[in-house]
Amino acid sequence: MPIDTLSAGVAEWFCAALPDHGIYGLILFAFIAGLARGFSGFGAALIFIPLGGAIVGPKLVSPVLLIIDGLATLGMIPPAWRSANRPEVFAMAIGAALGVPAGTVALALMDPLTLRWIITAVAISLLALLVSGWRHHGEPRAPLSAGVGLIAGLFSGAAQLGGPPVVAYWLGGKSDFTRVRANVILYFSISTCFSAISYYALGLFVQPVFALTLVILPGYALGLYGGSKLFGLAKESTFRLICYLLIAAAAIIGMPALDGALR
């Protein structure tokens, strides 16, 4: 097959696989989500899933975020491995191994509109948890860590929203923010593998997912890089407040009742 014919075929597939609206919005939302993820180690899904789901639906946007986050954060794993409390992370990952497949089943089988309302409610509830300042106080124990991992895994499998329960749990211990951030990054590198297997088994990796990934990944990676740099420069409390405001705005704007705002 001639090269020009092959190239034309790839271009035709690429254009056909992309949605007919909202591409620039998805790129912008991915960049903002990457900033939050790069700084704090979490928050990308709470911003990107409600907004992206309003444009292309949760069954597309969740696998897209899984792929772009998994690829873009590969460089964050080695330092996280060195700094994290690995026994705590592995204990939580045991729970995630059970929770992620169950959440993925919900993503694959539920009505998209119903799932979006659930995602909105969960995002707002998790934001309230973070803003409230509630933390688990006491030493992390393996059974409790596994239980938190199970809950976080359910949220991750259904909508990549597993960050807040994990963060609320670890921030209550004696570890400083740097250790918590490393724990979160390492934990999600493991849970991402569970999600990838589950998504593949249930047929969620369809062609539009890969086309969207190619378009959105550069913006997300740029935001992730910028957020990582801000981690060493910006005041933690200020950036955390900004993240909370962005998450709140994303949850509200991404509500199905406001679909016209993003179309």
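The values are calculated or read from the model by the stated rules, or taken from the named source; none is laboratory data. Please read all numbers here as calculations on a predicted model, not as lab measurements. Neighbour counts run over all protein chains shown; Cβ positions are idealised from the backbone, glycine included. The protein model used for the area step is the full one, side chains on, heavy atoms only, and it has no ligands, DNA or RNA in it. Shrake-Rupley method; radii C 1.70, N 1.55, O 1.52, S 1.80 Å.
Looking at the structure I just gave you, is LEU245 open to solvent by 60 Å² or more (accessible area, probe 1.4 Å), at pLDDT below 70 and within 26 Å of LEU113 (Cα to Cα)? Here the answer is no, as LEU245 does not meet what is asked. Close contacts from segment 169-191, counting a first residue that is more than 12 Å from VAL89 (Cα to Cα) and open to solvent by 30 Å² or more (accessible area, probe 1.4 Å) and a second that is assigned to a helix (DSSP H, G or I) and at pLDDT 85 or above, with Cβ to Cβ under 7 Å and a gap of 6+ residues or different chains, come to THR178/SER83. If the condition is being aliphatic (A, V, I, L, M) and open to solvent by less than 10 Å² (accessible area, probe 1.4 Å), then segment 29-44 contributes ALA30, ALA33, ALA36, ALA44. Please tell me if SER156 is open to solvent by less than 20 Å² (accessible area, probe 1.4 Å), under 20 Å from the mean Cα position of the chain (by Cα) and at pLDDT 90 or above. No: the conditions fail for SER156.
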